[in-house]
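Taking it in order: structure first as structure tokens, then the write-up.
All of the numbers you see were taken from the coordinates with simple rules; none came from a lab. Everything numeric here is computed off the predicted structure, so don't read it as measured data. Note that we place each Cβ from the backbone using ideal geometry, even for glycine, and neighbour counts take in every protein chain shown.
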Amino acid sequence: MKIKVILSVIAIIAGLAVGFYFFRPHTFHGTVIQSPEPSFDFTLTGPNGDVSLSDYRGKVVLIYFGYTFCPDICPGTLANVAQALRGMGTKADDVQLIMVSLDPERDTPEKLAEYMGHFHPSFIGVTGTKEQLDEVASLYGIFYQKTESSGASGYLIDHTATLMALDREGYMKLVFPFGVTSQEIADDLKYMLRQ
């Protein structure tokens, strides 16, 4: 009798532990945003013509503002996202990364296509006029400014280095800070794709 009671208590405790593990709320690695409206839709120029944010409704969209001559932050962030997607298997097909170039002088659509292809075949780079980029950056809360450099590039662009995640309906859901790991990105994206 005592053994049955002890086994029952152990089974109940094990069941509660398993239930807590699988049904606990998800803890996001990015900052959660409760956007009341869909994100601002923009159309910029990609390698094959116009690219609109709304073209990717139905997918989780990652938006990153950067440029191809960026010495460290941009390639580091793009590499982390690429690694996260490679670790997600076929679920990665439901995620689209779009990098908005903040350097229209040097980043042609062709240059962006080549650069983005080094990280992941699905990544898209877009550009536009300075006026278009100023508007899109402003609406997404991105600061950037050109600064002179003594290096071979002639100038660098200081910019906000966050990665934004929009859900399948186009609502901003997460903002990842610079330095978020590939595993943390993958963890949050998998959760968003279950919604």
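How large is the Kirkwood hydrodynamic radius of the range 144-195, counting all unique pairs of alpha carbons, in Å?
Numbers: mean 1/r = 0.0747 Å⁻¹.
So the Kirkwood estimate lands at 13.4 Å.
Dipole size in debye (nearest 20) for the range 46-195 around its Cα centre, Lys and Arg Cβ +1, Asp and Glu Cβ -1?
Working: 12 positive and 20 negative charges, 98 e Å.
For the range 46-195, the charge dipole is close to 480 debye.
What's the extension gain from Thr181 to Thr90 if we count 0.36 nm per residue and subtract their Cα-Cα distance? All intermediate terms of the calculation are to be shown ahead of the outcome.
On the way: separation 91, 0.36 × 91 = 32.76 nm, distance 2.00 nm.
Stretched fully, the Thr181-Thr90 segment lengthens by 30.8 nm.
For the range 28-194, what proportion of DSSP beta bridges, expressed in % and rounded to the nearest 5, is antiparallel?
65
Report the net charge of residues surrounding Ser52, where surrounding means a beta-carbon distance below 14 angstrom and charges are Lys +1, Arg +1, Asp -1, Glu -1. Write down the numbers at each step before the final one.
Numbers: positive: Arg57, Lys59; negative: Asp41, Asp50, Asp55.
That sum, taken over residues with Cβ under 14 Å, equals -1.
What relative contact order, as a whole-number percentage, does the range 43-195 give when Cα pairs under 8 Å and 6 or more residues apart are counted? The partial results should precede the final answer.
Details: 251 pairs, mean separation 49.3, N = 153.
Over the range 43-195, the number comes to 32 percent.
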